[in-house]
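Here is the structure we will look at.
The values are calculated or read from the model by the stated rules, or taken from the named source; none is laboratory data. What you see is a predicted model, and the numbers here were worked out from it, not measured in a lab. In this analysis, Cβ positions are derived from the backbone assuming ideal geometry, glycine residues included, and neighbour counts consider all displayed protein chains.
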Amino acid sequence: MTRIWTIVTVLVLAAIPAAAQAGWAATEWDMTPAQVEAAMPQTKPLKHGEALSMGQAKSVGSYPFGGQSVRAVYYYDDRGLSLVTLTVPFKACGAALEQLQRDHGQPLKISDQVLFRLAIWHDEPMQTRICAMISPEAKICALNFERLSTYREHDLAPAARP
């Protein structure tokens, strides 16, 4: 009888899906460039990538999003992968935003900046912050996928009042 329960337990545990790893697509936050490039087949090293406050661009590739291939740039800080940016052709921006809403619901926050409108979502299971930056005047549509831990408190804090 014990043997049967052991077999049943093993079968049940095997049928339960493993918990998703925190990250974006096939990557996990804090991966090295080599690990990201192995996980994302269309990605290669970038020799002279730009540096932002959230890291240095060290990998670039393409990623299928919204039925087309878009440019993906991977940024790394001292812990590893910290940011992935997707550059979406402006004509496809509306469809990209609709896809984000289907996948993640209504944005947590929408704010109008000087040059951009920002829409922000939190994907708690993946520990990922999604920030869409849209500028109709400049015809820019960029999607940033970032470690949620970096921005959670800022995004959830009440807006400062004058």
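The table that follows gives values for the structure above.
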{"item": "Complete set of residues in region 126-145 that are of a type in the set (Lys, Arg) and surrounded by fewer than 16 Cβ atoms within 10 Å (Cβ to Cβ)", "result": "Lys139"}
{"item": "Any hit, region 109-125, residues being over 14 Å from the mean Cα position of the chain (by Cα), hydroxyl-bearing (Ser, Thr, Tyr) and surrounded by 11 or more Cβ atoms within 10 Å (Cβ to Cβ)", "result": "yes"}
{"item": "Among (1) over 13 Å from the mean Cα position of the chain (by Cα); (2) under 18 Å from Thr150 (Cα atoms), the one test that Leu97 misses", "result": "(2)"}
{"item": "Enumeration of residues in region 67-100 that are touching a Cys at 6+ places or on another chain (Cβ under 7 Å) and either in contact (Cβ under 8 Å) with a residue 60 or more places away in the chain or among the β-branched types (Val, Ile, Thr) (or both)", "result": "Val88"}
{"item": "Breaking point among (1) in contact (Cβ under 8 Å) with a residue 40 or more places away in the chain; (2) not in a strand (DSSP E or B), for Asp103", "result": "(1)"}
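Conditions (1) within 26 Å of Ala92 (Cα to Cα); (2) part of a loop (DSSP other than H, G, I, E, B); (3) at pLDDT 95 or above, marked per residue:
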residue: Ala20; (1), (2), (3): no, yes, no
residue: Gly23; (1), (2), (3): yes, yes, no
residue: Trp29; (1), (2), (3): no, yes, yes
residue: Ala34; (1), (2), (3): no, no, yes
residue: Gly49; (1), (2), (3): yes, yes, no
residue: Ala57; (1), (2), (3): yes, no, yes
residue: Gly61; (1), (2), (3): yes, no, yes
residue: Pro64; (1), (2), (3): yes, no, no
